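Have a look at the structure below before the remarks.
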Amino acid sequence: MDVPLYLQPRLEPPLTSLLDAGGFLHSLVDALGSPLNVLLPERIAENAERFRAVYREHHLAGRVYFAHKANRSSALVRRLAAMDPAAVGVDVASLGELRHALACGLTPDRIMATGPKDPEFLWLAARVGATVNLDSHGELDQLVEIVRKYGLSRIDVLLRLSEFESAADSAGAGVRLRSRRSRFGSPAGEVSDLLSAVERNRDAVELTGVAYHLDTTALAEKVRALECCVQVMDECRVRGLAPRVVDIGGGFGVGYVADADQWERYTTALTEAVLGTRPALTWRGHGYGLRNEGGTVRGTAALYPAYRPTAGPGYLDELLSLPTPSLGRPSATLLLEHLHDLYVEPGRALADQCGLSLARVLDVRRTGEDSESGSGSGEYLVRLGMNAGDVSLEEHGVLVDPVLIPRTASEGSDEESPVGVHLVGNLCLEADLITRRTVYLPRLPRIGDLLAFANTAGYAMDFHAHRAQRQPVARTVAVVREGGTWRWCLDEEYWPITHPGGALS
Ligand SMILES: *Cc1c(COP(=O)(O)O)cnc(C)c1O
């Protein structure tokens, strides 16, 4: 076999020591089945603290809102509920998430409702007095109607904007740039109409800020959007409105792969494989969006940038430090000069390192040497007690290796050499591959071993899970390290308190 192309996961404490506790993880899967999700609620609190540290560094006030949609669990939201109310809140995108956040102990002043909303969601948000991040003009009209019809108190609202256009820069040399189209938010060009509507309906809504959420990692686009929001805030003040918040959404990202060279080597090799200058690196030569057109690689790889030199809080720091395109001062300075508060809504980045997904190895076999096709023949198939919906890293274009957790400590034999395998799921479906990538492991797994997919708490754990074929949906447990040992409970049993009897703290 040629040199293994590893994409080893970036692992930080306490995930590192959890992965070292192989016996503990095996006993959890023995008791609760495969697949199994394991969460580390302490880590989400630490991540929120890191975002807060960036606020402090830039002397900014405002709240960090966890985008609940990244993970359905209770443990993470309850752990956040226990933090400083002025510093940490939750962003909910459905009636179910709003109910859940309330039940986890978040008071309405710490809850922000985002995304397009149905009438029940709007009513409950308005009834309890959560902040409503308005997605469209129509939604503003609906909310106003609900507030009046049911005699509710005035509701704090933010206006979510999109499709920002930057004017030519002050020297007149700039190109007109527009951020990508989005299904969400109101086009920034229509903001005057929106503000007039807000003014007309001052009895029902109070404008507290303007917002954006751009689903991109492009910093330049975000700095431009931030500057636009500051300009809209100026327009508000001219009109006699008094908003105080700029909400820059989420999308701070996560680094999944530890090593820049591994990532570089892998992506280069993928291109070569698509060109046919090296053997396929994927199931049936899948190209992740790249294709060979007469000896030239075309298309763009639909991959998450799994190696990130800066992500999460570091990315926020970078964004706040960058000069904005027309005013030319760091975005943090702009916010500070205007006395604007900053809201962020990280999902993936707050869930970074907060959990893993475990699957038992059910079968290991080698496909027949199929002379017809060449590719797909004579390959190792490792069948897992999970399917592609249970660990949807692939769905999000995240390529990263699982960690092999042996059933028994082995003595080191001939088998202990690196091997490329395909990870297949528990559905009777040709397409049910955990990843289409050939995954390199330090040795061939054995039946009964576990594979741990690290860092799945953001979107990869329960977002796409389903009940096809009546295969079990993963249970979720919360784990906490206490005096050198790991303790666990079901996710729904986790509360961020200490019992005299010693339940999870
Ligand atoms: C999904 C979403 C987020 C979170 O995005 P991440 O990339 O997970 O940080 C934040 N705000 C809104 C409005 C969203 O829809």
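The values are calculated or read from the model by the stated rules, or taken from the named source; none is laboratory data. For clarity, every value in this text was computed on a predicted model and none was experimentally measured. For neighbour counting, all protein chains shown are included, and Cβ atoms are generated from backbone atoms with ideal geometry for every residue, glycine included.
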- Output for segment 219-256, where each listed residue is of a type in the set (Asp, Glu) and away from the ligand (no atom under 16 Å from the Cβ): Glu227, Asp234, Glu235
- Query: Pairs under 8 Å by beta carbon, first residue in contact (Cβ under 8 Å) with a residue 40 or more places away in the chain in segment 117-133, partner among the hydroxyl-bearing types (Ser, Thr, Tyr), six or more apart or different chains?
  - Reply: Thr131/Thr208; Asn133/Thr114
- Message: Pull out all pairs, ordered by first then second residue, where Cβ-Cβ is under 9 Å, the residues are six or more apart or on different chains, the first lies in segment 82-95 and is modelled with pLDDT of 95 or more, and the second is basic (Lys, Arg) and within 11 Å of the ligand (Cβ to nearest atom).
- Response: Asp91/Lys69; Val92/Lys69; Ala93/Lys69; Ser94/Lys69
- Only residues that are outside any loop (DSSP other than H, G, I, E, B) and either farther than 12 Å from Arg436 by Cα or in contact with an Asp or Glu (Cβ under 9 Å, 6 or more places away or on another chain) (or both): list them for segment 378-397, please. Tyr380, Leu381, Val382, Arg383, Leu384, His396
- When segment 416-448 is checked residue by residue, the ones that are over 30 Å from the mean Cα position of the chain (by Cα) and of a type in the set (Asp, Glu) are Glu416
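State which residue is nearest to Ala48 (Cα to Cα) when the search covers only segment 61-100 and only residues that are small (Gly, Ala, Ser) and within 14 Å of the ligand (Cβ to nearest atom). So that I can check it myself, show each step before the final result.
In the first step, residues of segment 61-100 are kept if they are small (Gly, Ala, Ser); the result is 61-62, 67, 70, 73-75, 81-82, 86-87, 89, 93-94, 96.
Among the residues that remain, those that are also within 14 Å of the ligand (Cβ to nearest atom) are: 67, 70, 89, 93-94.
Numbers: Ala67: 12, Ala70: 15, Gly89: 10, Ala93: 20, Ser94: 22 Å.
It comes out as Gly89.
From the residues in segment 200-246 that are among the small types (Gly, Ala, Ser) and surrounded by fewer than 23 Cβ atoms within 10 Å (Cβ to Cβ), which one is modelled with the lowest pLDDT? Write out each step before concluding.
The first filter runs over segment 200-246 and keeps only residues among the small types (Gly, Ala, Ser), leaving 204, 209, 211, 218, 220, 225, 240, 242.
From what's left, surrounded by fewer than 23 Cβ atoms within 10 Å (Cβ to Cβ): 204, 218, 220, 240, 242.
Values: Ala204: 98, Ala218: 90, Ala220: 93, Gly240: 96, Ala242: 96.
Filtering first and then ranking leaves Ala218.
Of the residues Thr310, Thr300, only one is at pLDDT below 95, assigned to a loop (DSSP other than H, G, I, E, B), out of contact with any Ser or Thr (no Cβ under 7 Å at 6 or more places or on another chain) and among the β-branched types (Val, Ile, Thr); which? Write out each step before concluding.
Working: Thr310 fails: at pLDDT below 95.
Sole residue among the options that is at pLDDT below 95, assigned to a loop (DSSP other than H, G, I, E, B), out of contact with any Ser or Thr (no Cβ under 7 Å at 6 or more places or on another chain) and among the β-branched types (Val, Ile, Thr): Thr300.
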- Note on the structure: If we keep only residues of segment 256-276 that are part of a helix (DSSP H, G or I) and small (Gly, Ala, Ser), then the residue farthest from Ala301 (Cα to Cα) is Ala260
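Checking the conditions here, which among Asn37, Asn47 is in contact with a Cys (Cβ under 8 Å, 6 or more places away or on another chain) and not charged (D, E, K, R)? Lay out the reasoning, then the answer.
Values: Asn37 fails: in contact with a Cys (Cβ under 8 Å, 6 or more places away or on another chain).
The match here is Asn47.
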- Which one of Leu32, Leu19 is buried (at least 19 other Cβ atoms within 10 Å of the Cβ) and more than 16 Å from the ligand (Cβ to nearest atom)? Leu32
- Note on the structure: Pairing a residue in segment 329-350 that is part of a loop (DSSP other than H, G, I, E, B) with any residue that is away from the ligand (no atom under 16 Å from the Cβ) and among the basic types (Lys, Arg), where Cβ atoms lie under 7 Å and the two sit 6 or more apart in sequence or on different chains, gives His340/Arg244
- Item | Qualifying position, being over 21 Å from Glu394 (Cβ atoms) and within 16 Å of the ligand (Cβ to nearest atom), among Glu293, Glu345 | Glu345
- Can you tell me which residues in segment 46-68 are within 15 Å of Arg348 (Cα to Cα) and in contact with a Gly (Cβ under 6 Å, 6 or more places away or on another chain)? Tyr65, Ala67
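Any residue that is surrounded by fewer than 18 Cβ atoms within 10 Å (Cβ to Cβ) and away from the ligand (no atom under 16 Å from the Cβ) - is there at least one of those in segment 381-394? Spell out how you get there, then give the answer.
In the first step, residues of segment 381-394 are kept if they are surrounded by fewer than 18 Cβ atoms within 10 Å (Cβ to Cβ); the result is 381.
The next check asks that each one be away from the ligand (no atom under 16 Å from the Cβ); those that pass are 381.
Checked against the condition, which is being surrounded by fewer than 18 Cβ atoms within 10 Å (Cβ to Cβ) and away from the ligand (no atom under 16 Å from the Cβ), segment 381-394 yields at least one hit.
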- List pairs: first in segment 227-252 and of a type in the set (Lys, Arg), second part of a helix (DSSP H, G or I), Cβ under 8 Å, 6+ apart or cross-chain? Arg239/Leu195; Arg239/Glu199
- Item | The one condition in (1) in contact (Cβ under 8 Å) with a residue 24 or more places away in the chain; (2) in a loop (DSSP other than H, G, I, E, B) that Gly289 fails to fulfil | (1)
